[in-house]
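The structure appears below as structure tokens.
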Amino acid sequence: MSFTGKYELQSQENFEPFMKALGLPEDQIQKGKDIKSVSEIVQDGKKFKVTVTTGTKVLKNEFTIGEESEIEMLNGEKVKAVVQMEGNNKLVTQVKGMKSVTELNGDTITHTMTLGDLTFKRVSKRI
């Protein structure tokens, strides 16, 4: 199953408390909470390029499954992480105590991030 495509955010849960826990400033949280972000994913075998555009902020990450890569987090911090593939539709990584799971089902991507007992969930549909 290929992740390649463009996806628009449909819904999200726990955005504000999760961004606060990541240390984002309140003004950025308020600006970002109602913007429908668009994610563009290009998959070439085990290589991925992910571009997330939220208003004027563009977050770009490139990684290869099973290899250490530098990933830019939502708060702009760059960290080293290894992304693993589970089955043929799930990308999983652990970064700084946070677990990130991106699951593709048909034309829907569900991205769940868990930090301690706080879970942030985003659902996007292919456009």
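The values are calculated or read from the model by the stated rules, or taken from the named source; none is laboratory data. All of these numbers come straight from a predicted model, not from anything done at the bench. When we count neighbours, we look across all protein chains shown, and the Cβ atoms used for this are built from the backbone with ideal geometry, even at glycine. Heads up: the accessible areas ignore ligands, DNA and RNA and are worked out on the full protein's heavy atoms, side chains in. Shrake-Rupley method; radii C 1.70, N 1.55, O 1.52, S 1.80 Å.
Of note:
- Evaluating residue 88 against the criteria (1) outside any strand (DSSP E or B); (2) free of Cβ contacts under 8 Å to residues at least 12 places away in the same chain leaves one unmet condition, (2).
- Against the conditions (1) surrounded by 12 or more Cβ atoms within 10 Å (Cβ to Cβ); (2) farther than 20 Å from residue 126 by Cα, residue 52 satisfies every one except (2).
Here's the yes/no breakdown for (1) of a type outside the set (Val, Ile, Thr); (2) more than 22 Å from residue 115 (Cα to Cα); (3) in contact (Cβ under 8 Å) with a residue 12 or more places away in the chain:
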residue: 16; (1), (2), (3): yes, no, yes
residue: 23; (1), (2), (3): yes, no, yes
residue: 37; (1), (2), (3): yes, no, yes
residue: 46; (1), (2), (3): yes, yes, yes
residue: 50; (1), (2), (3): no, no, yes
residue: 70; (1), (2), (3): yes, no, no
residue: 75; (1), (2), (3): yes, no, yes
residue: 84; (1), (2), (3): yes, no, yes
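- Close pairs from segment 112-125: first closer than 17 Å to residue 35 by Cβ, partner aliphatic (A, V, I, L, M) and open to solvent by less than 50 Å² (accessible area, probe 1.4 Å), Cβ under 7 Å, at least 6 apart: 120/113; 122/9; 124/9; 124/109
- Test: residue 97 is free of Cβ contacts under 8 Å to residues at least 24 places away in the same chain and loosely packed, with under 14 Cβ neighbours inside 10 Å: yes
Residue-by-condition table, conditions (1) surrounded by fewer than 12 Cβ atoms within 10 Å (Cβ to Cβ); (2) over 14 Å from residue 120 (Cα atoms):
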position	(1), (2)
1	yes, yes
17	no, no
25	yes, yes
60	yes, yes
64	no, yes
